[in-house]
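These notes concern the structure reproduced below.
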Amino acid sequence: MKKIYILSIIILVFSCTNKKTNSDNNQSPEIEREIVVSEFQTLIDSSDVKGSILIYDLKDDKYYSNNFNWAKKGNLPASTYKITNSIIALETGVVQSDSTLFKWNGEERRLKIWEQDLIFKDAFHYSCVPCYQEVARKIGVNRMNKYLDKFDYGKMKVDSTNIDLFWLEGESQINQYQQIEFLKRFYNSELPISQRTETIMKRMIVIEEDETYKLSGKTGWSIRDGNNNGWFVGFVEIKENTYFFATNIEPNQRFNMDMFPMIRKELTFKALKQLNIIK
C-alpha cells in the first residue's frame, strides 16, 4: 500500500511538471511595447538640445523613443493646452464655432500677428495667448476643472488666481505619454464630447496634408525659473495607420534661441521620416 502511495505522488508531480512545461512552451513571447531608437538621440544631440521624442504606433500598440524616462516627466503643457481649451470652449458654448470672432482691443501684444481681429481657428494656429486667456476666463474655474477631470488630462492646478495662466506657469504638469493618451482618446472618439465639437476640432488642428499623409497638432513653449521647455504634440494619419507623437525638448546653454520655435517641429518630422512614416 505504501509503495502504491509513493508511486501515485511521483506520477502526480511528473504530470504537473509536464503540464507546466507544455504551458510555457505554448505561451506567446511578450511583445516589446517600448522600443529605443538611438537615431532619435542622434537627432537631438546634433540639434544642441536635450529631451525626448515619443511616437506611438496605433496599429501595433508600440512606443518609439530615445528617452522613455524623460517622456514620463511632467512639464507645463504651455500652448499644447489650446487643444483642450478649445474643446472645452466649444462644449460649454463659450465659443460657437471655429469662425467665432475675437475682437482686438487695440492694446499692444507680445506678437504683432495677434494685434488684429482673429477668428477662433486663426487664434489657434497663431497661438494667440490673449485670445485663449479670454476663453479660459469665460469658461471659469468650476467648468474648467470639471472637464479636466472628465478628460483625465494630466495634473492641472486650476483656481481663481491662475485661471488664465495655469497652462503657462505654476505647478500644472503633463508628460508625453499623457499627451499621447489624450490625443488617442480624442482621435478614437472616446472623449465625452459632442460629435459637433469633435468634427470642428479635427478640422481646426490640421497643420498640413498631402496625398500621402495628414498631420494635426500643436506646439507649446513655456519658461519656468528661466528654463525653456518646448512641445510639439499631435498625430499623423497615413493610409493604413495613425501615429501619435509628443516631442519635448529643452535648449542647451549655447543653443541659438531664435531657432527654438522651429526646432520642435523639425526634430519631430525627422523622427517620423526615420521610421518611414512620412517621406
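Every read-out reported here was derived from the displayed coordinates using simple, explicitly stated rules and does not represent laboratory data. Keep in mind that this is a model prediction, so the values were computed, not measured. Please note: Cβ atoms are built from the backbone with ideal geometry, for glycine as well, and neighbour counts cover all protein chains shown.
Taking Lys and Arg as +1 and Asp and Glu as -1, the other residues whose beta-carbon sits under 12 Å from that of residue 240 total -1.
Of all DSSP beta bridges located in region 31-274, what percent are antiparallel, nearest 5? Close to 95 percent. With neighbours defined as other Cβ atoms within 10 Å of a residue's Cβ, the residues 33, 224 order from fewest to most as 33, 224. In the set (i) 1.09; (ii) 1.07; (iii) 1.16, which value of Rg/Rh (Cα atoms, Kirkwood Rh) was calculated from the structure you see? Read-out taken from this structure: (iii).
Taking every DSSP helix (H) stretch of at least 4 residues in the chain, weighting each as -39,500 (n - 2.57) and dividing the sum by the residue count yields a mean residue ellipticity at 222 nm of -12500 deg cm²/dmol. Remark: 94, 141 ranked as 141, 94, counting other beta-carbon atoms within 10 Å and listing the fewest first.
Under the classification rounded if a/c is under 1.5, otherwise prolate if a/b is larger than b/c and oblate if not, where does region 201-259 fall, given a ≥ b ≥ c as square roots of the Cα gyration tensor eigenvalues? Judged from the Cα gyration tensor, region 201-259 comes out prolate (a/c at least 1.5, a/b above b/c).
Build a GNM of the chain with springs between Cα atoms under 10 Å apart, and of 240, 115, 34 the one that fluctuates most is 240. Here the contact order of the chain, divided by its residue count and restricted to Cα pairs under 8 Å and six or more residues apart, works out to 22 percent.
What does the charge count around residue 213 come to, taking other residues whose C-beta lies under 13 Å from its C-beta (Lys +1, Arg +1, Asp -1, Glu -1)?
Numbers: positive: 214, 239, 273, 279; negative: 208, 209, 210, 211, 237, 240.
It works out to a net charge of -2.
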